[in-house]
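Inspection log for the structure reproduced underneath, given as structure tokens.
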Amino acid sequence: MFRAPFRRFAYRAVVVSAIAAAATILPGSSVATRRAWMTYAGTAQHDAQAPVRSQHIYGILWSTPVDLQPQYSGTILYIHYGSPLVTLANTVIVTVKTGQYDGFRVEGRRATNGGLLWAQATDYSLPYHGWVPPCGPTLTPSNTVVVPAAGGTVLVISNPDSTSPTVTRAAFFGIGAYDANPGAFDSAVRISTPITCDRLGNLYFGFVVTDVNPANLTSGLARISAGGVGSWTTASAAANDPAIRKVVYNCTPALSRDNSTVYVAVNENDWPGFGAGYLVGVNSQTLAPISRVRVKDVLYPDNDAILPDDGTAAPTVGPDGDVYLGVLENPFGYNHLRGWMLHFNSALTQTLIPGAFGWDDAASIVPPNAVPSYHGSSPYLLLTKYNNYAEGGGDGVNKIAVLDPRASMIDPISGASVMQEILTIAGPTPDPGNRSPDRPDAVREWCINTAAVDYLGKCALVNNEDGVLYRWDFTTNTLSESVVLTPGIGEAYTPTIVGPDGTVYAINNATLFAVGNVN
């Protein structure tokens, strides 16, 4: 069911050493580079590309709750769950909501059978919110897990592949300051985005401040270097606009391909809502502002686009450095609440061809050779959600799409010039609640915000609100494999990921499912 948008380290001691890439041959696959799934959408650029050929999704290997007390609104879950991660040694990192409205722990589980290796409570508390935000951890190149914690601090969990990892606390404003007065920070400062780690081990995340505090922090963007030095900048300084109040909730920072620039969206809201704002680029070392662009509606360019705090849209950086960001349309709802996938050059000085859908979505990168029918010249393609919400005035034929970011077409819904559709496919399950004589083909929607792309297998792994995980085969443009996870439920959008052994992971109805070959 559509959820309308208006509803509601300093490291004390960390030795940074790169994880060596290892080659492997999996059953039925070609040689590939095995790597960890380290952060939201896999990499700091949010490629969402599988590290190896994915396993067949023949059945559920194991499952585990990601929410011990899910709060339903009827049959709908208004919550965004943190992305699972997988280490190179094949330990699955899972964040679990433990309370009704707050409270989290992090678990390390064996990818082979889901067996629990360890569990670590975090004192992280959610910021004030509409839809429940995620508790979003990351992995570092030194194979530590970094998890949001209280007062804007993070927990650093070393040796996550063992049964007895070690835990330290770090703070971007100095751990000494936090230790001197933890209560003051706990009540005033909250991490508000998933954490991103770049390839050197530096951490980035948004935070919100709601009260005075000993470090005089104001809502903005934090950095903790791999060497343990913390720094931060206000959201208004990043945008060079005093009207800007904070980083958009849940907007996972992204890094440029050379790791020199951090991209994130900022808006004018003091509290969660639907504000105007910018996509900004700041220096990844100093957080000094480099570039900004006021995000605008596609058909009404005099209007600011909407940057909602209820979504999870995050920037994606293409192989050519172009930057993509999903927004909502303004006037609100005229584009069937699909929003736009805005598209800019790396300097944010040129506005390029947009995508026809952007609400609560981060684009995945698709190599052209993964789509045999594609004969264009773009060095890469994009996979995005492509729903056409009946509740927003659309026909209810909810799709996913592979798009060419360098070629355009006229969108039949809005009349805007948008990215060329290369492949689209509709959800397979009828949606009786939205079918009518004027919407006879309405189907359940795709509940993804970033979908794993298996370029070796020429496919993507996508989750649907019908409770089924599908393999979308780019060669045949069919849903060639599927596995039933749950009876289906309306829920906030979730990522799919692929581990270093090809196991596929998807969240549905407050449960993480590991899916793959079943003997």
**Study point:** Simple spin-label estimate for residue 128 and residue 166 in nanometres, 7 Å along Cα-Cβ
**Key:** 4.0 nm
Point to revise | Burial order of peptide ranges 308-314, 391-397 (average beta-carbon count within 10 Å, highest first) | key: 308-314, 391-397
**Study point:** segment 42-51 - phi-based ³J(HN,Hα) in whole Hz, Karplus 6.51/-1.76/1.60, Gly and Pro as x
**Key:** x, 9, 5, 9, 6, 5, 6, 9, 4, x
Review point. Among 414-422, 35-43, 283-291, how do they line up from the highest to the lowest mean number of other beta-carbon atoms within 10 Å?
Key: 35-43, 414-422, 283-291
Exercise for review: Starting with the highest mean, order 449-457, 402-410 by the number of other Cβ atoms within 10 Å, averaged over the residues of each peptide.
Suggested key: 449-457, 402-410
Practice item. State the answer as a single residue: which of 203, 457, 413 lies farthest towards the positive end of the charge dipole of the chain, with beta carbon charges of +1 for Lys and Arg and -1 for Asp and Glu, about the Cα centre. Key: 203
Check your understanding: Of 152, 248, 237, whose Cα points farthest to the positive end of the dipole of the chain (charges on the beta-carbon: +1 Lys, Arg; -1 Asp, Glu; origin at the Cα centre)?
Key -> 152
Point to revise | Relative contact order [Cα under 8 Å, 6+ residues apart], segment 347-484, whole percent | key: 21 percent
Point to revise | Alpha carbon centroid spacing (whole Å) that separates segment 149-176 from segment 431-478 | key: 38 Å
Practice item. Sort out for me the Cα centre separation of segment 258-272 from segment 94-145, rounded to whole Å. Key: 23 Å
Point to revise | Distance violations [Cα-Cα > 20 Å] among 296/399; 399/458; 97/246 | key: 296/399; 97/246
Point to revise | Mean Cα-pair separation over length for segment 454-519, i.e. relative contact order, pairs under 8 Å, 6 or more apart, % | key: 23 percent
Study note, to complete from the structure: Output row, site residue 64, 7 Å Cα→C-beta label point, backbone N cut-off 20 Å, window segment 461-502, residues 485-486, 494-502
Check your understanding: Can you work out ³J(HN,Hα) from phi for every residue in segment 85-94, in order, using Karplus 6.51 cos²θ - 1.76 cosθ + 1.60 and θ = phi - 60°, giving whole Hz and x for Gly and Pro?
Key -> 10, 9, 6, 4, 7, 6, 9, 8, 9, 10
Review point. For the chain, what does -39500 (n - 2.57) per DSSP helix run (n ≥ 4), summed and divided by total residues, give at 222 nm, in deg cm²/dmol to the nearest 500?
Key: -1000 deg cm²/dmol
Revision key, fill the gap. For 129, 375, 46, the accessible-area ranking with a 1.4 Å probe, largest leading, is 375, 129, 46
Review point. Per-residue HN-Hα couplings for segment 57-69, Karplus 6.51 cos²θ - 1.76 cosθ + 1.60 at θ = phi - 60°, whole Hz, x for Gly and Pro?
Key: 8, 7, x, 7, 7, 6, 8, 7, x, 10, 8, 7, 9
Check your understanding: If the chain between residue 424 and residue 260 were fully stretched, how many nm would it gain, using 0.36 nm times the residue separation less the Cα-Cα distance?
Key -> 55.6 nm
Exercise for review: Work from the charge dipole of the chain (Cβ charges, +1 for Lys and Arg, -1 for Asp and Glu, about the Cα centre) and give the residue of 326, 162, 434 farthest towards its positive end.
Suggested key: 162
Point to revise | Mean separation of Cα contacts under 8 Å, 6 or more apart, over the residue count of segment 294-357: relative contact order % | key: 25 percent
Point to revise | Check: the chain dipole with +1 on Lys, Arg Cβ and -1 on Asp, Glu Cβ, in debye | key: 960 debye
Check your understanding: Ranked from the most accessible area to the least, with a 1.4 Å probe and all protein chains present, what is the order of 465, 481?
Key -> 481, 465
Point to revise | Inter-site label distance for residue 102 and residue 179 at 7 Å from Cα along Cβ, in nm | key: 2.5 nm
Revision key, fill the gap. Reduced to Cα centres, the span from segment 330-370 to segment 283-306 in Å works out to 13 Å
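The values are calculated or read from the model by the stated rules, or taken from the named source; none is laboratory data. Note that the structure is predicted; figures quoted are calculated from it, not measured. Note that each Cβ is placed from the backbone with ideal geometry, even for glycine, and that neighbours are counted across all protein chains shown. When the accessible area is computed, the model is the full protein with side chains, heavy atoms only, and any ligands, DNA or RNA have been set aside. Shrake-Rupley method; radii C 1.70, N 1.55, O 1.52, S 1.80 Å.
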